[in-house]
Amino acid sequence: MSDTPNLRQAALDYHAYPKPGKLEIRATKPLANGRDLARAYSPGVAEACLEIKADPASAATYTARGNLVAVVTNGTAVLGLGNIGALASKPVMEGKAVLFKKFANIDCFDIELDQPDPEKLADIVCALEPSFGAINLEDIKAPDCFTVERLCRERMNIPVFHDDQHGTAIVVGAAATNALHVAGKKFEDIKIVSTGGGAAGIACLNMLLKLGVKRENVWLCDIHGLVYEGREVDMNPIKSEYAQKSDLRTLDDVIPDADMFLGLSGPGVLSPEMVARMTPRPIIFALANPTPEILPDLARSVAPDAIIATGRSDFPNQVNNVLCFPFIFRGALDVGATAINDEMQLACIDGIAALARATTSAEAAAAYQGEQLTFGADYLIPKPFDPRLIGVVSSAVAKAAMETGVATRPLDDLEAYKVKLDGSVFKSALVMRPVFEAARISPRRLVFAEGEDERVLRAAQAIMEETVETPILIGRPEVIERRIEKAGLTLRIGDNVELVNPENDPRYRDYWETYHTLMARRGVSPDIARAIMRTNTTAIGAVMVHRGEADSLICGTFGEFRWHLNYVEQVLGREGLRPDGALSMMILEDGPLFIADTQVHLHPNPEQIADIARGAARHVRRFGIEPKIAFCSQSQFGNQGDGSGGRLRAAIGLLDAENADFCYEGEMNIDTALDPELRARQLPCNRMEGSANVLVFAHADAASGVRNILKMKGGGLEVGPILMGMGNRAHIVSPSITARGLLNVGAIAGTPVAHYG
């Protein structure tokens, strides 16, 4: 329960407003007219029914079943609240459904059944099989949960997963794997003492055995003391499997020399005195909620080097089932698995554990600001909001399902599947794939003007891991090294990343002399050149590109666009290169939409507008998209003589004269550009088919306004801006850009111009 009346009321208000509960049902198909009704229901629905009757597997194609999970409980063991009944458990089950949707885009129905008898409960669950692709059993008391799960698994041909058991066991398995890695111990050598003989506790022990722990090294205690051979009090066949042949009887008796304590019992069970008698560098998983078996500070008072995990979010290493269940179900559903077997669970463990040992994603770091996210004693498992979980874990589960023969719809390309999963959380992943592939053709050196920015450092880390580019950072080495260490990155100056120190670099004289040579007849004296090469990192980066020491400059994480553009033009605007415009790709729910010119030309003339269109067409093709360019204005196909329409019409005339090799049309309103039916009514003979994917404006205010509205209110994710006309030698980003946005711009900058023309 909540600690204060205010927190309690806030929680109640969250569940009550603006609509009661946490779930609703929405249609995925239009129902706007009689035609839609005839397809959704009678008579059209009969066709889908007949297809499924002929081929039951086609239900995954014609219904939601393939992405639908039932969260089922009888409310007999709800959180730490106990047997509160089916109805009172409903907020928890709704919450579980919300997590499925949030983390893995799986649809759920929560089903609360007023049935305490485990065999009758199993009968009801089994009868649900036609409706669902999988079953998540939840909050059913032990030992009834073992019975329900066993019967359902035996009788059902879809995955049945009791999360309290196996979800907890998987996350504990991942955390234990990494804890032993940190402690320098092995599963086969350790002694484990466990408290709690319920479903979760037994499942965790079973999993640890699968990971290599020897049964004789497991000492299970419950409220009555040690589970030993011959004990009759509160025993069942599942618990009896861990009975020790011993004269010892209490937790205090068996704790000496234990390497690991696993608690799924109650508060205060483990005392500091007991911890003191464990082995050096003890591993303590005190998972009781809300109060653990021992608080971390108490454990560390006698064992400062203890490796500790709890079930709470306010301590490091929270063992949270959300790290597991959305992703194991995602993988199982996508291959049509008939069960979730041991191999799939072990694959889940391996994926979770490996992700914690990798560098932390920028998105997770942003969600958990101020927390230590570097692999080690205080970071054994990844955070739930690490967006890489779905790609890593679900693809590993799918692979295991296929290898063990339980997949009815095996995947042809696991790597493509992982890319698709990543695309569900990284909106840019799929559309950026051609650009990343092109960037791998030849390694390029990318210099980042704002090398001290944490976003830049995380982008440099990702560039090093995901591309063949070499990142170069401009900044003070002591600042950069401190921030690398704080972020838990593996960047090493002089090893995998290069550095330019504006305060003290041996190339300083070469750089200011180069800049002075370029700018001497534009009023720049040697003194000014020296000052700029000490203080202006954008100018330094531009000089590096000019000198051939870098292939492309990325700048703009702070400051105004045109300020950066001034120095880019000064140094790199030569040999036919000039900034033609800024192109932003906005990734929306229904795909990408490109906007230009958002930054460079405030009021472009017809020649400049034509250049913007040519550049946009060239760059849009980099993404594997055929450009359809709409020239947008308040004017509609010549109906207004004033405003931007005249300049746009003149630009269209220039493109017509040269027989441009891309589709374009205009001038027209934005809605006309995006709605082909409306456009056909306005101009039946127009030369564009379908919706436009590039909007070119004759005023930067209009282009920038549309871009920002789409970003802030339309849920659009921006890739860019792409600086067109500069030979891919420089890009100026927005101050609001994320680390992943910088990675995307890095991939764009990492492609030789010769590759895309």
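Identification of helices (runs of 4 or more DSSP H) wholly contained in the range 592-711 with 2 or more residues that are of a type outside the set (A, V, I, L, M) and touching a residue at least 40 places away in the same chain (Cβ under 8 Å) yields 606-620, 645-658. Could you go through the range 464-485 and let me know if any residue there is assigned to a helix (DSSP H, G or I) and closer than 25 Å to MET586 by Cβ. Yes, the range 464-485 contains a residue that is assigned to a helix (DSSP H, G or I) and closer than 25 Å to MET586 by Cβ. Only one of the listed residues (LYS210, LYS186) is of a type in the set (Lys, Arg) and touching a residue at least 40 places away in the same chain (Cβ under 8 Å). That residue is LYS210. If the condition is being polar (S, T, N, Q) and surrounded by 18 or more Cβ atoms within 10 Å (Cβ to Cβ), then the range 554-587 contributes THR557, GLN570, SER584. The residue that is farthest from LEU380 (Cα to Cα), counting only those in the range 437-454 that are small (Gly, Ala, Ser) and crowded, with 19+ Cβ neighbours inside 10 Å, is ALA438.
Identification of helices (runs of 4 or more DSSP H) wholly contained in the range 1-63 with 3 or more residues that are in contact with a Ser or Thr (Cβ under 6 Å, 6 or more places away or on another chain) yields no element. Taken over the range 455-489, the criterion of being surrounded by 18 or more Cβ atoms within 10 Å (Cβ to Cβ) and among the acidic types (Asp, Glu) is satisfied by GLU469 alone. Residues that are surrounded by 18 or more Cβ atoms within 10 Å (Cβ to Cβ) and among the small types (Gly, Ala, Ser) were ranked within the range 535-553; the one that is farthest from GLN608 (Cα to Cα) is ALA550. Can you report the number of residues in the range 88-104 which are surrounded by 14 or more Cβ atoms within 10 Å (Cβ to Cβ) and not in a helix (DSSP H, G or I)? Number of matching residues: 1. Filtered by the rule that a residue be within 26 Å of ILE381 (Cβ to Cβ), touching a Cys at 6+ places or on another chain (Cβ under 9 Å) and either surrounded by fewer than 24 Cβ atoms within 10 Å (Cβ to Cβ) or not β-branched (Val, Ile, Thr) (or both), the range 140-175 gives HIS162, ASP163, ASP164, GLN165, HIS166, GLY167, ALA169, GLY173, ALA174. Of everything listed in (1) hydrophobic (A, V, I, L, M, F, W, C); (2) buried (at least 19 other Cβ atoms within 10 Å of the Cβ); (3) not in a helix (DSSP H, G or I), the single unmet condition for LEU499 is (2). Reported count of residues in the range 138-163, each being within 19 Å of PRO237 (Cβ to Cβ) and not in a loop (DSSP other than H, G, I, E, B), is 12. In the range 375-429, of all residues being among the hydroxyl-bearing types (Ser, Thr, Tyr) and surrounded by 16 or more Cβ atoms within 10 Å (Cβ to Cβ), the one that is nearest to the chain's Cα centre (by Cα) corresponds to SER424. Here GLY85, GLY75, GLY66 are screened, and the one residue that is part of a loop (DSSP other than H, G, I, E, B), surrounded by 13 or more Cβ atoms within 10 Å (Cβ to Cβ) and either of a type in the set (Val, Ile, Thr) or in contact (Cβ under 8 Å) with a residue 60 or more places away in the chain (or both) is GLY75. Restricted to the range 588-602, and to residues there that are closer than 16 Å to ALA692 by Cβ and under 28 Å from the mean Cα position of the chain (by Cα), the residue that is surrounded by the most Cβ atoms within 10 Å (Cβ to Cβ) is ILE595. Of all the numbered requirements in (1) out of contact with any strand residue (DSSP E or B) (no Cβ under 7 Å at 6 or more places or on another chain); (2) under 27 Å from LEU87 (Cβ atoms); (3) surrounded by fewer than 21 Cβ atoms within 10 Å (Cβ to Cβ), HIS181 misses one, and that requirement is (2). Among the conditions (1) modelled with pLDDT of 95 or more; (2) part of a loop (DSSP other than H, G, I, E, B), THR374 misses just one, which is (1). A single member of VAL456, VAL447 is outside any loop (DSSP other than H, G, I, E, B), hydrophobic (A, V, I, L, M, F, W, C), farther than 20 Å from ARG574 by Cα and touching a residue at least 60 places away in the same chain (Cβ under 8 Å), and it is VAL456. GLY715 fulfils the conditions (1) at pLDDT below 90; (2) over 36 Å from the mean Cα position of the chain (by Cα) except for a single criterion, (2).
The values are calculated or read from the model by the stated rules, or taken from the named source; none is laboratory data. The structure presented is a predicted model; accordingly, all values stated were derived computationally and were not measured. Here the Cβ is made from the backbone with ideal geometry for all residues, glycine too, and neighbour counts use every protein chain on show.
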